[in-house]
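Below is one structure, written out as structure tokens; the observations come after it.
Computed from the coordinates by the stated procedures, all read-outs in this text should not be read as laboratory data. Not measured: the values here are computed from a predicted model. In this analysis, Cβ positions are derived from the backbone assuming ideal geometry, glycine residues included, and neighbour counts consider all displayed protein chains.
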Amino acid sequence: MLLAAGTAHANGRPPLTDGVHFRPGDSHSLYVSTTFGLLISHDDGCTFNWICETNIGYGGPFDPKYAIATDGTIFATTFNGLRISRDGGCSFVTATAQLPANDPNRIDFWIDALDIGPTGEVWVGTAESARANDVFVSTDNGVTFSSRGMLSPTVWWKSVKVAPSNAQRVYITGYQVAGALPDGGQMQPTAHLFRSDDDGAHWLESPLAGVQYGSMPTLLAVAVDPKQPNIVYVRSIQANPPMGDRLYRSTDGGMTLTEVLATTDAIRDVVVLDATQVLVATQTGGSFRSTDGGVSFSAMGAQPQLACLGQRDDGALFGCGANWDPDFKAVARSADGGASWQKVWRFVELAGPMQCPAGTPEYDMCDQAQWANLRAQFGATGPSCGIAPDPPADAAAPPVASKKSGCCDASDGAPTMVVLTLVLALLLTRRRAA
């Protein structure tokens with residue numbers, strides 16, 4: 001108890017890698033999201049540089065969704081709009097912030113759905129509780145956005161997926177909140193899945209027959225087959241209590257859905273490797289492989305705690321493992337379709353913040369104000385380019401936050417004597433109560 005009281009990590013959470021993203025056509029870059037910001041490598045994972053949360057435009061226990069454009073533009077979802085960096089991460093701006101406050105295409109509020117289609121269109125969906133939400137698309141790399149006709153005062157748009165083989169095929173999911181009906185009755189919360197075959201000009205809703213839900217009926221479109229736009233995978237959040245999900249597969253564009261997997265932990269990613277192999281990653285509930293095109297799945301043995309999974313254009317498979325016990329792989333790579341994994345990178349190898357000019361948010365906020373504290377917490381010594389220390393240099397435990405301010409401090413911690421006094425008082429109180 002005494003040790004736990006003095007430990008503080010990223011926004012009250014352990015520092016973790018939780019997402020991997022790629023730049024189309026780039027076989028050397030990796031964009032890895034974490035609980036303490038975004039990491040970028042342009043040398044296949046040897047050197048990772050850090051972008052702090054403050055620069056991106058968020059804070060607290062929140063995890064943005066990211067997408068990377070062909071030209072390297074970085075998109076990140078936040079509660080205050082879509083944040084965009086066009087200079088490699090040195091600075092971010094809010095999309096459409098230049099528009100008048102009453103412009104219907106100004107989307108400087110919560111963006112919860114994000115995807116980039118195969119021809120570069122940027123799709124987003126909003127999920128704000130205090131205003132009507134809509135689905136928007138940009139055809140100029142995020143400079144301007146236009147509505148795709150899904151304005152709703154009650155639906156929060158939770159996901160959007162564009163078919164890799166057909167930019168006209170788009171899937172969106174939404175969560176309709178509970179509310180009062182015109183006749184005075186109570187409207188129950190409802191999940192929605194829509195499909196468009198014409199770039200969002202028209203939408204067809206799925207009846208979702210037979211789909212099971214969690215306590216809050218929430219669906220996410222998580223993957224579309226790279227070659228067959230009619231095959232889509234949909235995740236039903238916490239539909240397998242207490243913490244597991246159910247995965248559904250459709251071969252007719254989402255109109256009918258068949259359950260293909262139930263997990264004990266949240267599904268982090270679904271990756272369609274080829275016509276027969278599909279992988280599903282969870283962090284603590286194991287990972288799963290299908291060899292029949294996603295019709296059925298079986299558990300995979302000896303996998304890292306995969307908090308993320310992704311396949312790059314060149315076929316390389318990357319995953320997020322535990323930086324400390326049991327994986328000692330913050331970023332891992334598999335050359336055999338996930339059967340075995342090799343360490344790519346760990347926190348101790350963090351090179352530093354992005355190298356940006358003075359006056360940019362990355363330099364002023366991340367480099368000058370926060371990097372020294374993060375480096376001390378991780379004991380960062382710089383890149384080792386895939387060489388794993390034996391034993392790992394920081395294998396003992398996650399870092400204990402110092403009393404300096406920084407991105408990874410949840411609190412200053414309590415001195416030992418103060419904590420000991422509180423513990424003794426608690427024990428005495430319990431004895432008197434007994």
Inset, instruction - For Thr78, list long-range residues whose amide hydrogen, built 1.01 Å from N in the peptide plane, is under 5 Å from its own amide hydrogen. - result: Arg83, Ile111
Legend entry - Residues Val222, Val280, sorted so that the one with the fewest Cβ neighbours within 10 Å comes first: Val222, Val280
Inset, instruction - Compute the long axis of helix 416-433 from its Cα atoms, compare it with the longest principal axis of the Cα atoms of the chain, and write down the angle in degrees, 0 to 90, nearest 10. - result: 70
Legend entry - Theoretical gain in end-to-end length, Thr139 to Gln98 [0.36 nm per residue, Cα-Cα removed]: 13.0 nm
Legend entry - FRET efficiency, 1/(1 + (r/R0)^6) with R0 22 Å, evaluated for Arg13 and Ser129 via beta carbons: 0.40
Inset, instruction - Convert each backbone phi in the range 339-348 into a coupling constant with the Karplus relation 6.51 cos²θ - 1.76 cosθ + 1.60 (shift: θ = phi - 60°), then list the ³J(HN,Hα) values in order as whole Hz, x for Gly and Pro. - result: 5, 9, 10, 10, 5, 9, 6, 9, 4, 4
Inset, instruction - Find the centroid of the Cα atoms in the range 14-57 and in the range 167-241, then give the distance between the two in whole Å. - result: 30
Inset, instruction - At 7 Å along the Cα-to-beta-carbon direction for both Thr154 and Thr284, put a label point, then send me their distance in nm to one decimal. - result: 3.6
Legend entry - Separation of the Gln186 and Ala358 label points, Cα + 7 Å toward Cβ, nm: 6.2
Inset, instruction - Would you look at the GNM of the chain, springs on alpha carbons closer than 10 Å, and say which of Val20, Val348, Val331 moves the most? - result: Val348
Legend entry - Restraint check, Lys161/Lys329; Lys158/Lys227; Lys227/Lys343; Lys65/Lys343, Cα-Cα greater than 27 Å: Lys161/Lys329; Lys227/Lys343
Inset, instruction - State, to one decimal in nm, how far the label point of Ala376 lies from the label point of Ala335, with both points 7 Å from Cα in the Cβ direction. - result: 4.1
Inset, instruction - First check a/c for the chain, with a ≥ b ≥ c the square roots of the eigenvalues of its C-alpha gyration tensor; if it is under 1.5, answer rounded, and if not, answer prolate when a/b is larger than b/c or oblate otherwise. - result: rounded
Inset, instruction - Quick one: which residues, 5 or more positions from Trp345 or on another chain, have an amide H under 5 Å from its amide H? H modelled 1.01 Å from N in the peptide plane, none for Pro or chain starts. - result: Ala330, Val331
Inset, instruction - Within the chain, what's the longest run with no trypsin sites (Lys or Arg not before Pro) in a DSSP loop and at most 15 other beta-carbon atoms within 10 Å? Give the range, please. - result: 228-402
Inset, instruction - Provide the per-residue ³J(HN,Hα) series for the range 86-99, in order, calculated from phi with Karplus coefficients 6.51, -1.76, 1.60 and θ = phi - 60°, each as a whole number of Hz, with x at glycine and proline positions. - result: 10, 10, x, x, 5, 8, 10, 10, 8, 4, 6, 5, 6, 7
Inset, instruction - Return the long-range amide H neighbours of Phe36 (sequence gap of 5 or more, or a different chain), with a cut-off of under 5 Å between placed amide H atoms. - result: Leu16
